[in-house]
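Quick notes on the structure that follows.
The values are calculated or read from the model by the stated rules, or taken from the named source; none is laboratory data. What you see is a predicted model, and the numbers here were worked out from it, not measured in a lab. Glycine gets a Cβ as well: all are built from the backbone with ideal geometry, and neighbour counts include every protein chain shown.
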Amino acid sequence: MTTTDTPVDNGVNVEALLGARTALTGAPEAAQFQWRASCEWQNGTHSRSTVEGFFGLGEEQRHRTRHSFDADHPEIFASQDNGVTPVEYVLVALASCLTAGVAAVAQNRDIQLRSVSATIEGAMDVRGILGADSDVRNGYSDIKVTYKVDADASPDDIKALVAQSQKRSAVYDIITNPTNVSVEVS
Amino acid sequence: MRTTTVVVGAGQSGLAMSQLLSARSIDHIVLERDEVAHAWRSERWDSLRTLTPNWQCRLPGHGYAGDDPDGFMTALEVANFITDYAKATAAPVLSGTTVLSVRRADDGYLVATDQGAWHCRTVVLASGAFNRPKVPAVAGAVPSGITTLTPFDYRNPDQLGEGGVMVVGASATGVQIAAELRRSGREVVVSVGEHVRGPRAYRGRDIHWWMEAAGVLDERYDEVDDIVRARRVPSMQLAGSDERSTFDLNALTRSGVQLVGRLAGINDGRAQFSGSLRNKCELADLKLGRLLDTIDDWAVASGTGDGLPAPHRFEPTAVDAAPRLDLDLRSGEIETVIWATGFRPDYSWLEVPVLDDKGAVRHDGGVVDSPGMYLIGTPFLRRRKSSFIDGSRADAEDLVCELTSFLDNRASRRATQHH
């Protein structure tokens, strides 16, 4: 609900999303997307990944520009810190996905957002990845996301925005549910 | 053999239509594979009672006349209530008659049964929405040695071994069965996905009293935002009991039931649970809050709230700081798995192309996408209460008008054609 008569604008083209949802309901083939990245080892634990093209709506697509991501381990891991760690990319992915979802849901529910910020913390026992204790998992034991949202809405409506964002989030699903991963050598 | 209307199924929906067809002198039969109200008699567990209070169990011209209107009939009592209705209305039921197929034919339909075939102009699909249990594909990976049951197999705790039970699903069926098994002293784990939380009573009245009074149960299918989603909403976590207990997840937790997230997979005998439990519980808490807001707003607007206890909200669902994410089904911790994962209708006999790619009937508020065919008794068919007994009553009243108009139009078209 807005305090003035200006329409709610969080920058999300919700009509396009709803239109896509309707169009794709009867066209499952067009809804099949494939996202991609390629990765080149640089040196040590440093690698550089590139994202450029993806497949969707029945044909090859491209981002406007090519994006590069350096990943590495930090100096306390006896490494060079040429980029953030892969596990930090995962936290970025989750925060980005949930935040985009908050904006989309807010637009759909006619709620004007003024600011949205999230902090995200992942707890990890590194004995897992070091192979020091087989009872310890490699990944996060816990991920906590905290949102601060300033919007024209009640606290319950804001909670509902954030809850709905999780319900429809790809990365939230990827992290909380199992996914088959196959790794081959060609 | 010929008739005007064939009604498939002699449960509350089929009999409601039948009574209204009789009142309009529309020639019809009700085909029932077993006996009247068979599903109520034979397809559920012993302690099942209605979710709705007895006063709300209404069929056309027939209401609950017992001495406990605020109570909840047992499944057997409901079966008798429906059977009495069939007798009182002299419903033309052919029991022990299984429909083998329904096909289009000439000026209507051909219904083949194991007792002969019927030609008719119109068909009413009243076979029910809950004919088969839905069991997830992951069930195939449950290690042998574990007993698995669906709600169709489960009758009472004495059927099971003494070991731990994992109930998959936390809607009405799941919470009732979990509570009953926990009371029997067994260790119970409940796997929780999307669910609808609801208290039995609020501000001194039954939740169904509020939902009816505030108009929630009469919300129409063509007035909701997303009817496809609304039709898939699971049953509220309610049960009928003399104590009017609430069966939400907090009640289960207090009784010692362990909650885990949605069953996401079984790998090498290990059940994996989603890390989304907290979100699912929060979504249910928020949804309940919205329902109570609707109720409180209506209470103010209607003046009903005067003299009632003040509005309040229920404790948020308590979720462990770190719910377990897996369970080794080979460890002996769990002896039985119960799939409280929903039900689906069986339309295998329906040979008219009215099913969508998910196997559901294509219809507009019960008017099926084939001339002269109607559907009744499925969730949110025309109203939020469509799958409740009182919903069958209301929907039958609408659909018999549709059917009558259809026959009248046919007759007048035929009449004009002869000129």
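With respect to the stated conditions, B:PHE72 is surrounded by 18 or more Cβ atoms within 10 Å (Cβ to Cβ), part of a loop (DSSP other than H, G, I, E, B) and touching a residue at least 24 places away in the same chain (Cβ under 8 Å).
Residues in the stretch A:158-186 that are facing chain B (nearest Cβ under 9 Å) and not aliphatic (A, V, I, L, M): A:LYS159, A:GLN164, A:GLN166, A:LYS167, A:TYR172, A:ASP173, A:THR176, A:ASN177, A:PRO178. In the set B:ALA65, B:ALA117, B:ALA112, B:ALA91, which member is part of a loop (DSSP other than H, G, I, E, B) and surrounded by fewer than 21 Cβ atoms within 10 Å (Cβ to Cβ)? Only one candidate passes the filter, namely B:ALA65. Looking across B:PHE314, B:PHE380, one residue alone is in contact with a Lys or Arg (Cβ under 6 Å, 6 or more places away or on another chain) and touching a residue at least 40 places away in the same chain (Cβ under 8 Å). It is B:PHE380. When you look at B:VAL224, is it of a type in the set (A, V, I, L, M), surrounded by fewer than 22 Cβ atoms within 10 Å (Cβ to Cβ) and not in a helix (DSSP H, G or I), yes or no? So B:VAL224 passes the test. Among the candidates B:ILE295, B:ILE338, the residue that is of a type in the set (A, V, I, L, M), buried (at least 19 other Cβ atoms within 10 Å of the Cβ) and either in a helix (DSSP H, G or I) or at positive phi (or both) is uniquely B:ILE295. Of all residues in the stretch B:388-419, exactly one satisfies the criterion of being in contact with a Ser or Thr (Cβ under 6 Å, 6 or more places away or on another chain) and among the small types (Gly, Ala, Ser), namely B:SER392.
Cβ-Cβ contacts under 8 Å between residues 6 or more apart (or on different chains), taken from a first residue in the stretch B:45-61 that is over 19 Å from B:LEU181 (Cα atoms) to a second residue that is part of a strand (DSSP E or B), are listed as B:PRO53/B:ASP206; B:TRP55/B:GLY63; B:CYS57/B:GLY63. Being within 30 Å of B:ARG104 (Cβ to Cβ) and either out of contact with any Pro (no Cβ under 7 Å at 6 or more places or on another chain) or within 13 Å of chain A (Cβ to nearest Cβ) (or both) is a condition met by no residue of the stretch B:311-327. Candidates in the stretch A:54-89 are the residues that are surrounded by 13 or more Cβ atoms within 10 Å (Cβ to Cβ) and among the small types (Gly, Ala, Ser); of these, the one that is farthest from the chain's Cα centre (by Cα) is A:SER79. The single residue among B:GLY265, B:GLY256, B:GLY275, B:GLY240 that is in contact with a strand residue (DSSP E or B) (Cβ under 9 Å, 6 or more places away or on another chain), part of a loop (DSSP other than H, G, I, E, B) and within 9 Å of another protein chain (Cβ to nearest Cβ) turns out to be B:GLY275.
Here A:VAL90 passes the criteria (1) at pLDDT 95 or above; (2) over 20 Å from A:ILE174 (Cα atoms) except the one numbered (2). Only one of the listed residues (B:VAL99, B:VAL78) is assigned by TED's automatic domain parsing to the domain that holds B:SER127, under 22 Å from B:ALA396 (Cα atoms) and touching a helix residue (DSSP H, G or I) at 6+ places or on another chain (Cβ under 8 Å). That residue is B:VAL78.
Selection of the stretch B:93-116 for residues being in contact with a strand residue (DSSP E or B) (Cβ under 8 Å, 6 or more places away or on another chain) and closer than 12 Å to B:ILE29 by Cα yields B:VAL93, B:LEU94, B:THR97, B:VAL111. Residues that are over 19 Å from A:ASN108 (Cβ atoms) and of a type in the set (A, V, I, L, M) were ranked within the stretch A:129-157; the one that is nearest to the other protein chains (Cβ to nearest Cβ) is A:ILE143.
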